[in-house]
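Below: one structure, written as structure tokens.
The values are calculated or read from the model by the stated rules, or taken from the named source; none is laboratory data. None of these values were measured; they are calculated from a predicted model. Neighbour counts are summed over all protein chains in view; Cβ atoms, including those assigned to glycine, are modelled from backbone coordinates with ideal geometry. These area figures cover heavy atoms from the full protein model, side chains too; ligands, DNA and RNA do not enter into them. Shrake-Rupley method; radii C 1.70, N 1.55, O 1.52, S 1.80 Å.
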Amino acid sequence: STQGVSSAASDVYKRQATNISIHVAASEIERQALLNSGWWKDRIPHNTSDHCNWVGITCNYEGSITHIDLEDSKIKGELGRLNFSCFPNLQYLNLGNNNLSGSIPPQIGSLSNLKYLNLRWNNLTGE
């Protein structure tokens, strides 16, 4: 019957719409985490809210951040200002040669996809 086909198509559409909504929500969480750090205040190109086009940011095809590279970018403040738990797909984090302070947040340890980490030449404390 066409009723069954129509219902199945509707279910597929709803699942796709839900998946898109989840990606948009996750992407917005990442974007807000970048903004909340204050590090991108002067690094957002004019007229773009798409954080995948911001300086030092690379995203995957779903719009999730995979690389953050702000080496030698004169950023300062507490390293913990960036909520690392908001970046589940982060593979590359380069914040070397800046003026970051404080200790290394434990959330960095939960970045299960992280393959590269550079925090050298900062003013970090701890073991």
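If I filter segment 53-71 down to residues being among the polar types (S, T, N, Q) and in a loop (DSSP other than H, G, I, E, B), which single residue comes out as nearest to residue 85 (Cα to Cα)?
That would be 64.
Can you pull out every residue in segment 92-105 that is open to solvent by 30 Å² or more (accessible area, probe 1.4 Å), over 21 Å from residue 27 (Cβ atoms) and touching a Phe, Trp or Tyr at 6+ places or on another chain (Cβ under 9 Å)?
97
Return yes when residue 89 is farther than 15 Å from residue 31 by Cβ, in contact (Cβ under 8 Å) with a residue 24 or more places away in the chain and either open to solvent by less than 20 Å² (accessible area, probe 1.4 Å) or not hydroxyl-bearing (Ser, Thr, Tyr) (or both) and no when it is not. Let's see the steps before the verdict.
Numbers: farther than 15 Å from residue 31 by Cβ: no; in contact (Cβ under 8 Å) with a residue 24 or more places away in the chain: yes; either open to solvent by less than 20 Å² (accessible area, probe 1.4 Å) or not hydroxyl-bearing (Ser, Thr, Tyr) (or both): yes.
Judged against the criteria, residue 89 is not a match.
Can you name the number of the only condition in (1) on the phi < 0 side of the Ramachandran plot; (2) open to solvent by 20 Å² or more (accessible area, probe 1.4 Å) that residue 74 fails?
(1)
Is it true that some residue in segment 15-30 is touching a Cys at 6+ places or on another chain (Cβ under 8 Å), at pLDDT 90 or above, farther than 19 Å from residue 96 by Cβ and not in a helix (DSSP H, G or I)?
Taking every residue of segment 15-30 in turn, none turns out to be touching a Cys at 6+ places or on another chain (Cβ under 8 Å), at pLDDT 90 or above, farther than 19 Å from residue 96 by Cβ and not in a helix (DSSP H, G or I).
Only one of (1) over 25 Å from residue 73 (Cβ atoms); (2) at pLDDT below 90; (3) of a type in the set (Ser, Thr, Tyr) is not met by residue 48, so which one is it?
Of the numbered conditions (1) over 25 Å from residue 73 (Cβ atoms); (2) at pLDDT below 90; (3) of a type in the set (Ser, Thr, Tyr), the odd one out for residue 48 is (1).
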